[in-house]
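Participant: Below is a structure I'd like to ask you about.
The values are calculated or read from the model by the stated rules, or taken from the named source; none is laboratory data. This one's a predicted model, so the numbers in the text were calculated from it and none came from an experiment. Methodologically, a virtual Cβ is constructed for each residue, glycine included, from the backbone with ideal geometry; neighbour enumeration extends over all protein chains shown.
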Amino acid sequence: MTDSQINNITTTTNINYRLDFARFHEHLVDVTLTFKAGTDAPQLWLPAWIPGSYLMREFARHITALHYQIADENNEYAESYRAQKVGKHTWQLPQVEAGQNLHVQYEVYCYDLSVRTAYVDQQRLYGNFTSLALAVEGQEQSPVQVSLLVPAAFLADKNESDVILACGLDATHLQSVVEYGDSQHGYGLQADNYEQLIDHPFEIAVQERFDFIIQDDTHQTLVHRFFLSGKHSANMGRLQQDVTQICQTYLNWLGDAPFSDYTFMTYASGQDYGGLEHINSTSLITPRQDLPKAHEPELPSADYQRFLGLCSHEYFHAWWVKTVRPDVMLEVDLRKEAFTPLLWVFEGFTSYIDDFMLQASSVIDKASYLTLLADQISRYYQTHGRAHQSVAESSFDAWIKLYRSDENTGNAGISYYNKGALVALCLDLTLLEKSAGRYRLFDVVKAFYTQAKQQDSQRIGISSADMGAVIGQFMPEVDWQDFESRYVNGVEELPIEALLTANSISVETDKKDNMLSWGIVVQESPDGLKVGKVLRDSVACEAGLSAKDIIVAIDSIKASKKQLQAVAKSAVSTVSCHAFRRDELMTFEVANKTLSGLSANPSLNKVSLKLGESGYEKWLIPNFVRS
């Protein structure tokens, strides 16, 4: 596409980005930013994190040096200057005066397969603008125009009709005249401002697609698009059927949506997994084995259930994170952390509701749902750090802990996803109990969404006090305060079993052997048993064994998992264990029996759940799915 063509479609906008993917083999994107300076020596900045993923990711590290040109009186660009770095994600253009037109050029390295950044190669051109588009300080509210230029070389080995753009923003497909023997393709995107731009990832690749519609409670039709790229053999018809049912069930519950259309963007890979929510789209990456097979059974496989749960999770975030959000993230500065104790509310509620909605929509049956819930409960029981960190503290510390787990994480803390989901379960069942079956968690969420729709911005930010005020509409306030004190701000054991039992769900510990020998997690390697984790209150810890040790002999026999298990079950009171720590051989005397306060072979506490004959209906069959 020629510069004149680009200029023709950007004359009405203030901020213009041109992304050229010609160097896709090098995983590089060449970006040209054009704007009029509002001040002398303007500054440009890039976010350090992306909403929905709470870690300082320092996207600026992938940008090579910036250069800029200033237009002269004839609107021509000549001399190039090098921008000055004035912060870890901030550049300044010292030669510029207010009112001058500028071209800024830089390259971005894009080779992160996650949904949080950008990835460019000969198969796909994918990006979040938080990684690609520098913001102009003071002009973040200006309209934005983006041109995505796809070189002929990228299309050379593909059927051009199969290469399509997936994005939540409306796009204009542009084709240039032939330049230098090549015919480039381009896509034009427009956003109202920088915040809207960075909430819309894009992907250009060979993709399969299906569309479907659902209806809100006023019978308004909402168009949904589903894009799938990567190597796969998914049953697209089955996928369309199941995703449609799930999405319609959300509309049956919440009445309407904070969007007029929605886009699912999915990349099928080998083992990668994850998702990130956006205002009217989600970006997903999934193992291809999790997609439905050609002859997928009526009851989805466990792998396929996992993918459907991911779709459900990110879809619900359009209401519960993008519309109703923590107060500190209502107007957020993406250059610094936004600490909140409420991530357990937003990710925890979502992690409870995502699987619940699979069975509410009849995509899976109730027994399958209980299996998914049992897995959540087992993970909670197997995380000994639940006794040391509250779910509110886990939320606040997300920036320094959740995405930086190590061998001590399970000993010292708990995930606000995992425990948050189970706090949500307990709150749901407590609401049912305290209101004699009239109210539940779904009413709390809908009440907040109703508040958001009453705002001019169509969204709200909430605090812990707001949580109490709304929950107090559905159960006695004193009961909520007690619940919050014990299970949200405190570390008391959740009353999971009592609440489930009261709703005709039996909770049993699996009869198979779930023993964790000596309280250590090990992995066999050619060098021996590599210790991955040592429980804090275990005989291994008492003996001095540590994570990263490599056990080479147990009771004078070559170390193996089989040998460890055999010795742990034996009647021998003390066992000699030889292990390398770094390059030093050490000897440990392990008490092979239960000591005061220490368990030689703690249980992994894996549970199973079973439906009773009746009594579970009020919980598992909410009003919005009853005929």
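Participant: For ASP428, indicate whether it is of a type outside the set (S, T, N, Q) and within 30 Å of LYS336 (Cβ to Cβ).
Facilitator: So ASP428 does not fit the description; no.
Participant: What is the number of the single condition among (1) under 30 Å from GLN458 (Cβ atoms); (2) touching a residue at least 60 places away in the same chain (Cβ under 8 Å) that HIS313 does not meet?
Facilitator: (2)
Participant: Can you tell me which condition LEU44 does not meet? The list is (1) of a type in the set (A, V, I, L, M, F, W, C); (2) assigned to a strand (DSSP E or B); (3) modelled with pLDDT under 95, and all the others hold.
Facilitator: So LEU44 meets the others, but not (3).
Participant: Here's another thing I want to ask about it. I'm checking my understanding of the structure. Among residues of segment 523-540 that are over 23 Å from ILE414 (Cβ atoms) and touching a helix residue (DSSP H, G or I) at 6+ places or on another chain (Cβ under 7 Å), which one is surrounded by the most Cβ atoms within 10 Å (Cβ to Cβ)?
Facilitator: Per the criteria, the residue is VAL539.
Participant: So, in segment 369-388, of the ones that are of a type in the set (D, E, K, R) and over 17 Å from SER301 (Cα atoms), which residue ends up surrounded by the most Cβ atoms within 10 Å (Cβ to Cβ)?
Facilitator: Looking at the filtered set, the residue picked out is ARG386.
Participant: Please determine, by comparing only the residues of segment 1-41 that are at pLDDT 95 or above and of a type in the set (S, T, N, Q), which one is nearest to GLN190 (Cα to Cα).
Facilitator: That would be ASN16.
Participant: Regarding SER546, is this residue of a type in the set (Ser, Thr, Tyr), more than 30 Å from GLY437 (Cβ to Cβ) and at pLDDT 95 or above?
Facilitator: Values: of a type in the set (Ser, Thr, Tyr): yes; more than 30 Å from GLY437 (Cβ to Cβ): yes; at pLDDT 95 or above: yes.
Yes.
Participant: Can you tell me which residue in segment 110-133 is surrounded by the most Cβ atoms within 10 Å (Cβ to Cβ), limited to those that are hydroxyl-bearing (Ser, Thr, Tyr) and in a strand (DSSP E or B)?
Facilitator: Among them, the one singled out is TYR126.
Participant: Checking the conditions here, which among GLU97, GLU107 is assigned to a loop (DSSP other than H, G, I, E, B), assigned by TED's automatic domain parsing to the domain that holds GLN190 and more than 30 Å from PHE346 (Cβ to Cβ)?
Facilitator: Step by step, each of GLU97, GLU107 is checked, and only GLU97 is assigned to a loop (DSSP other than H, G, I, E, B), assigned by TED's automatic domain parsing to the domain that holds GLN190 and more than 30 Å from PHE346 (Cβ to Cβ).
Participant: Select the strands (runs of 3 or more DSSP E) contained entirely in segment 556-627, then report the ones holding at least 2 residues which are polar (S, T, N, Q), without any contact (Cβ under 8 Å) to a residue 24 or more places away in the chain and surrounded by 12 or more Cβ atoms within 10 Å (Cβ to Cβ).
Facilitator: 574-581
Participant: Restricting to segment 444-486, name every residue that is assigned to a helix (DSSP H, G or I), touching a Lys or Arg at 6+ places or on another chain (Cβ under 6 Å) and buried (at least 17 other Cβ atoms within 10 Å of the Cβ).
Facilitator: Within segment 444-486, ALA452 is the sole residue that qualifies.
Participant: Of all residues being under 22 Å from MET357 (Cβ atoms) and hydroxyl-bearing (Ser, Thr, Tyr) in segment 427-464, which is farthest from the chain's Cα centre (by Cα)? Just the residue, please.
Facilitator: Only one residue tops the list, namely SER435.
Participant: So ARG582 fits all but one of (1) on the phi > 0 side of the Ramachandran plot; (2) among the basic types (Lys, Arg); (3) not assigned by TED's automatic domain parsing to the domain that holds LEU529; what number is the exception?
Facilitator: Looking at each condition in turn, ARG582 falls short on (3).
Participant: Separate question: Give GLU508, GLU484 a once-over and let me know the one that is touching a Ser or Thr at 6+ places or on another chain (Cβ under 6 Å) and not small (Gly, Ala, Ser).
Facilitator: Residue meeting the stated conditions: GLU508.
Participant: Could you figure out which of (1) buried (at least 16 other Cβ atoms within 10 Å of the Cβ); (2) at pLDDT 95 or above isn't true of GLY186?
Facilitator: So the condition that GLY186 fails would be (2).
Participant: Can you tell me which residue is surrounded by the fewest Cβ atoms within 10 Å (Cβ to Cβ) among those in segment 254-303 that are of a type in the set (A, V, I, L, M, F, W, C) and outside any strand (DSSP E or B)?
Facilitator: Out of the qualifying residues, it is ALA294.
Participant: Next question, about the same structure. So is GLU140 over 24 Å from the mean Cα position of the chain (by Cα), part of a strand (DSSP E or B) and modelled with pLDDT of 95 or more or not?
Facilitator: Values: over 24 Å from the mean Cα position of the chain (by Cα): yes; part of a strand (DSSP E or B): no; modelled with pLDDT of 95 or more: yes.
Spelling it out, it is not the case that GLU140 is over 24 Å from the mean Cα position of the chain (by Cα), part of a strand (DSSP E or B) and modelled with pLDDT of 95 or more.
Participant: A further question follows. Any residue that is touching a strand residue (DSSP E or B) at 6+ places or on another chain (Cβ under 8 Å), crowded, with 17+ Cβ neighbours inside 10 Å and in a strand (DSSP E or B) - is there at least one of those in segment 71-89?
Facilitator: Scanning segment 71-89 turns up no residue that is touching a strand residue (DSSP E or B) at 6+ places or on another chain (Cβ under 8 Å), crowded, with 17+ Cβ neighbours inside 10 Å and in a strand (DSSP E or B).
Participant: Restricting the search to segment 319-368, which residues are in contact with a His (Cβ under 8 Å, 6 or more places away or on another chain), crowded, with 18+ Cβ neighbours inside 10 Å and outside any helix (DSSP H, G or I)?
Facilitator: If the condition is that a residue be in contact with a His (Cβ under 8 Å, 6 or more places away or on another chain), crowded, with 18+ Cβ neighbours inside 10 Å and outside any helix (DSSP H, G or I), then LYS322 is the only one that fits.
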